[in-house]
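The values are calculated or read from the model by the stated rules, or taken from the named source; none is laboratory data. Owing to the predicted nature of the structure, the values given are computational and were not obtained by experimental measurement. Note: ideal-geometry Cβ built from the backbone for every residue, glycine included; neighbour counts use all protein chains shown. Only protein heavy atoms, including side chains, enter the accessible area calculation; ligands, DNA and RNA are left aside. Shrake-Rupley method; radii C 1.70, N 1.55, O 1.52, S 1.80 Å.
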Amino acid sequence: MAFFKHKRTVSEASTEPVEVSEDADAAQPASDGSEGHTHHIVSTILWIILSFLGFLLFLSYRWAVLHFANLNMDEIIYSLSSPLEGTGAGLISDYILKCVVVSIIITVAEIFAGIFLRKKSWYKYITYGGIAVVSALTIFTVISFWKLVDFGNYIKNKNVETDFYEKNYIDPSNADITFPEKKRNLIFIYMESMEISFANHEDGGGSNEEYIPELVKLAQENEDFSGSSLKLDGGYSFPGTTWTMGGIVATTAGLPLDVDIDDNEMGNQTVFFPNLKTLGDILHEQGYTQVFECGSDATFGGRRLWFSNHGDYSILDYDEAKEEGLIPDDYDVYWGFEDAKLFEFAKKKITELAAKDEPFNYTMLTIDTHNPSGYTCEDCEDDFHNKYENVLHCSSKRVADFVAWVQQQDFYDNTTIVITGDHPSMVPSIKTYLDDDYIRRTYTCYINSAITPQSADATREFSTFDGFPTTLAALGADIKGNRLGLGTNLFSNTQTLTEKYGYEQEKEYLSQKSSYLADMETIDSDTQKLVAEYSDFTCSAKVQDDTHFNFEVPKLEKDSYLIKTIQVKVWYYDDGGYYDHEWFPGEENDDGSWTVPVHWVDCAGATEVNYQLIAETDKGWVNIGKQQVLTLVK
């Protein structure tokens, strides 16, 4: 079929009209629009996926900014490597509602828009524009997050190896520590997010009003190492110590918590830094009965692991309080139970401990002042405009009332009280009334110490690391050289590392990479292998009566050369609901099996006991196999 009536030259085609056959359209390739339709589908799917991820990222960033001050990479990495178990339900639900749900709603709206507008000629501009907007939003969020956590400096510092630890770390395992014959009791109170900036300017704080008057008075009347000044003194929180578990490690081991997410995933650990000797380990060796109490699930952040592995603390937390019948099974306030109950339970437990012959260490962690705005209990007064300020005021009064109660007890004369903030507050609103150059420090107070500072008029520059040896010194322990970990005994005249290097220089060193620190904190591969190989291991028990029973442990075939000896930990509740526990050494038999005899243990009416096999390795004690329950014969 000819397309033109006759052949034309180029010049003719330029001047004469072209007459097109009626069949011309029919001769064009057929198109069903599938190419454009496919293009719309691809661009729509890309828009929806990028939009969900972009908005979730942006909303997560915005949520973090509104809920956490001083967010840093150390804390983020540690939190990501820790199990979520025990996280406050309110915090999780708030994040899900404000970030995940909103992102889903936006995504669903875009899906409906794609369904109803897909045939519009201008629909492609919506998808192109949407992709451009969410891409810009994502880039903005990444840049903002980068600046927020100072990610550039974090990467830079982690590529610089420091010898700060080799030069300054004093291994407590090799330290010469002497305790008095009559050992003092210890009550150690970690106050959530408590810092001296909540005091007014006149008292050394950063506020225009006095939010914590009772705590200010306690520090001024006792010891906070401010010397002759009435202005409060407190500990700097360096990198690796600015969240609860980091603060606990700092004050009990004299080290920052610097965890490699690949090498040390908290969710899979059964031991927590077995290479370290801590405050709890030292007091355990001295015969102290130790209890850790908190109003949340102690599993969160590794607290249960830390206190059970380092000092064999009994744990009284949210779950344990329900087990003991202290709170109903369906009780749920804030993160578990509030501070009003925390101190109520503490009074009961401390009274029981004081009635025994052994010295005790009762350590507790408050919760009401946790970010984002704290928990307002029925005792909180409405004295200030801001909710969190009222919570701070209430917490200050509650701790002071508890201290007053302790001071009225018969055991007080031989008891030292330590009060410290676990880390500076994460509540973002605090930045609104602090000067730009104000360096925030944790609240610090030692009450009824066995000793007084050698230089009574000197104001000390110190960090939370110094709490480790200082607490031991407050109990009357003599520490040769006055240093443990990275900490210094503040009652002595020995220079702290902060006084030696200065705040900024010490902070820089602690931000840098240290293989020496990593070796101390990380579980070695042999220990990890041992734990994994015996993860399902169980041992049998033979009961004679409720005070005599043996544990029979078959020969440990796998990597037995790593195991130096074994013990069995036994714990139970007596008929009064009181928790008790004992460790019993194993006896190796000729065939390589083990027998662990338990004789003359009065289980005080308990109908069953729990037990756990523990193996000693060169790196410390690790759990072998599962916890088991033994029913006693009555």
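For segment 462-555, trypsin sites (Lys or Arg not before Pro) are listed when DSSP marks them as loop and at most 13 other Cβ atoms sit within 10 Å of their Cβ; the list is Lys480, Lys555.
Remark: segment 392-397, residue by residue, has Karplus-estimated 3J(HN,Hα) of 4, 4, 5, 5, 4, 5 Hz, where x stands for each Gly or Pro and the curve is 6.51 cos²θ - 1.76 cosθ + 1.60 at θ = phi - 60°. Carbon-plus-sulfur accessible fraction, segment 188-250 (probe radius 1.4 Å, protein heavy atoms only): 42%. Accessible surface computed residue by residue for segment 402-547, with neighbouring protein chains in place and a 1.4 Å probe, gives 41 Å² per residue. Applying a DSSP loop filter and a limit of 16 other Cβ atoms within 10 Å to the GluC sites (Glu not before Pro) in segment 376-463 leaves Glu378, Glu381.
Mean projected area of the convex hull spanned by the Cα atoms of segment 282-336, taken over all viewing directions: 4.0 nm². The length gained by stretching the chain between Glu209 and Val102 to full extension, at 0.36 nm per residue less their Cα-Cα distance, is 34.7 nm. Out of the total accessible area of segment 399-458 (probe 1.4 Å, heavy atoms of protein only), what percent is carbon and sulfur? Of all accessible area on segment 399-458, carbon and sulfur atoms account for 42 percent.
Expressed to the nearest 5 percent, the antiparallel share of DSSP beta bridges inside segment 273-426 is 10 percent. Nonpolar atom fraction for segment 307-395, defined as the carbon and sulfur part of the 1.4 Å probe accessible area, stands at 42 percent. Extension gain for Phe151 to Tyr125 (0.36 nm times residue separation, less C-alpha to C-alpha distance): 5.8 nm. Once the C-beta distance of Asp382 and Asp436 is scaled by a Förster radius of 30 Å, the resulting FRET efficiency is 0.45 to the nearest 0.05. Here the 3J(HN,Hα) profile of segment 418-425, calculated from phi with Karplus coefficients 6.51, -1.76 and 1.60 at θ = phi - 60°, is 10, 10, 8, x, 6, 5, x, 5 Hz, Gly and Pro shown as x. Dividing the convex hull volume of the alpha-carbon atoms in segment 303-378 by its residue count gives 109 Å³ per residue. Here is the list for segment 322-416: chymotrypsin sites (Phe, Trp or Tyr not before Pro) lying in DSSP coil, each with at most 16 other C-beta atoms within 10 angstrom of its C-beta, are Tyr331, Phe384.
Remark: spin-label model distance Asn159-Leu46 equals 3.2 nm, labels positioned 7 Å along the Cα→Cβ axis. Annotation for Lys500 and Glu557: the two label points, set 7 Å from Cα along the Cα-Cβ direction, are 5.2 nm apart. Exceedance of the 24 Å cut-off in Cα-Cα distance is limited, within the set Lys341/Lys397; Lys349/Lys397; Lys98/Lys322, to Lys98/Lys322. Here the spin labels are modelled as points 7 Å beyond Cα on the Cα-Cβ line, and at Lys167 and Phe537 they lie 4.3 nm apart.
Volume of the convex hull of segment 401-465 (Cα atoms only), normalised per residue: 149 Å³. Close amide H contacts of Glu587 (hydrogens built in the peptide plane, cut-off under 5 Å, sequence separation of 5 or more or a different chain): Thr595, Val596. Backbone N atoms of segment 526-545 closer than 20 Å to the 7 Å Cα→Cβ label point of Asn589 belong to residues 537-545. Cross-link partners of Lys231 among lysines, defined as those whose alpha carbon lies under 19 angstrom from its own and excluding same-chain residues fewer than eight positions apart: Lys217. 3J(HN,Hα) along segment 583-598: 10, 10, x, x, 10, 7, 8, 4, 8, x, 7, 10, 10, 10, x, 10 Hz, from the Karplus curve 6.51 cos²θ - 1.76 cosθ + 1.60 with θ = phi - 60°, whole Hz, x for Gly and Pro.
For segment 279-393, the per residue solvent-accessible surface stands at 37 Å², with DNA, RNA and ligands left out and a 1.4 Å probe.
Amide H contacts under 5 Å for Phe462: Tyr236, restricted to partners 5 or more places along the chain or on a different chain, H placed in the peptide plane at 1.01 Å from N.
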